[in-house]
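In what follows, a structure is listed as structure tokens, so that the remarks can point back to it.
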Amino acid sequence: MVAQGHAVISLAEGELDFDTPAHIRQAAVAGIMDGHTRYTNVAGTPQLRAAIVRKFARDNVLHYDESEVIAATGAKQILFNALLATINDGDEAIVVAPYWVSYSEMVRIAGGTPVAVTPAAEDGFKLTPDALAAAITPRTRWLMLNSPCNPSGSLYSADELRGLADVLRVHPRVLVMSDDIYEKIVFEGEFCSFAQAAPDMKARTLTINGVSKAYAMTGWRLGYAGGPLWLVKALEMLQSQSTSNPSSVSQAAAIAALDGPQDFLEDWMVRLRWRRDLAVDLLAGAAPLLTMRTPPAAFYLYADCSGTIGMRTPGGNLIESDLDLARYLLEEAGVAVVPGTAFGLAPYLRFAYAVSDDRLRMACAQIVQACRRLSRP
Ligand SMILES: Cc1ncc(COP(=O)(O)O)c(C=O)c1O
């Protein structure tokens, strides 16, 4: 639609609209000018690996050796390679619906079977120990945890993570992926990494993070992880035979991101929280067709749109799924959103509210108006 000249506001993108902070961009320029433009060690420069070790110790009380951390081309590459390195045909990975779209597909590509567990919305879409215990089989290889969660914005407390660890302790084959990429985007509550909550689980936890979300650096493609040496070595081997090191310039920038000032995050959180509240307020105008919780973290709203199913658009089309509703909102309201079907829980819509205040206001108003034009046959 954009290519055809239609004005579309996208609430579909999983990235902040803020600029990468100046000191990080300057570090990249300095990296280029100082000649950091060649291959580096596959797992990252010693300087970056040291910065990652410092970050985990400082923020998460997780103490890794430099050999136990790795930098990669985005957290995405680490998630993918970890599954590829460990999953045999038919192995299962537990994913918590709604989950990030790529989780289930990555498991499938690696030859495994994603096993989706769907916690209740009233539980904040959070996995409970009982539901976890019920999902584990002899083929379970991974529990894929994502807190704060894309798309639900849920945040697990340290106690909730300890409850999950209690279940996993008697299943030594199960590894845990703690995808902490939204760690810094928290408005209420306190972030805790899985192995921080349950230190005895560190030996079978891969703690994944990156600079994409915390520092508005999605385009730089730089993620990192800490985990047991055997797994980090396997990740390094896969990387060595496929993509080699992540960009040397991005590595120089990431050192500045991790070691540099973090105070700008306070201002970012104030602005994001304000947008979250604005979007929740404005979209309440579409209730009961759209209903949602106010999530404590990340920058997404996950709205139940079951109230629209069975309604008709002004053009006479029947809304049969969240895919239909997303298409209608794109065509009628000029707003792009992602249907919950992509995240394994429908009928829902995900709104990413990390866009400018004006665009957010306009997008919400257009969504509400479009919803009000739906009618029951
Ligand atoms: C839950 C989750 N994990 C990982 C990633 C990937 O991050 P990166 O940009 O570091 O590859 C994303 C990006 O949207 C995400 O939402």
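So here's what we get for this one:
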quantity: Ala57-Ser244 pseudo-label distance in nm [points 7 Å out on the Cα-to-Cβ vector]; calculated: 3.1 nm
quantity: Hz values of 3J(HN,Hα) by residue in region 218-234 - Karplus curve (6.51, -1.76, 1.60), Gly and Pro given as x; calculated: 4, x, 7, 6, 9, x, 7, 8, x, x, x, 4, 4, 6, 5, 4, 5
quantity: On Cα atoms only, tilt of 264-283 relative to the major axis of the chain in degrees; calculated: 20 degrees
quantity: Relative exposure of Ser212, Ser244, Ser178, judged by other C-beta atoms within 10 Å (fewest first); calculated: Ser244, Ser212, Ser178
quantity: For Ala257, net neighbour charge (Lys/Arg +1, Asp/Glu -1) across residues whose Cβ lies under 11 Å away; calculated: +2
quantity: Scattering curve values for region 22-259, log₁₀ I(q)/I(0), Debye with Cα scatterers, q = 0.12, 0.13, 0.17 Å⁻¹; calculated: -0.63, -0.74, -1.25
quantity: Euclidean distance between Cα centres, region 159-235 to region 6-35, Å; calculated: 25 Å
quantity: Mean Cβ neighbour count within 10 Å, used as a protection proxy, ranking 99-109, 63-73, 15-25, 246-256 highest first; calculated: 246-256, 63-73, 99-109, 15-25
quantity: Phi to ³J(HN,Hα) by Karplus 6.51 cos²θ - 1.76 cosθ + 1.60 over region 128-133, Hz, x for Gly, Pro; calculated: 9, x, 5, 5, 5, 4
quantity: Vicinal HN-Hα couplings computed from phi for region 146-157 (Karplus, 6.51 cos²θ - 1.76 cosθ + 1.60; Hz; Gly/Pro x); calculated: 9, 9, x, 9, 9, x, 7, x, 6, 9, 7, 7
quantity: Residues of region 250-276 with amide N under 19 Å of the 7 Å Cα→Cβ point at His23; calculated: 250-270
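Values in this text are rule-based calculations from the coordinates and carry no lab data. As the structure is a prediction and not an experimental result, all values here were calculated from the model. Glycine also receives a Cβ, built like all others from the backbone with ideal geometry; neighbour counts cover every protein chain displayed.
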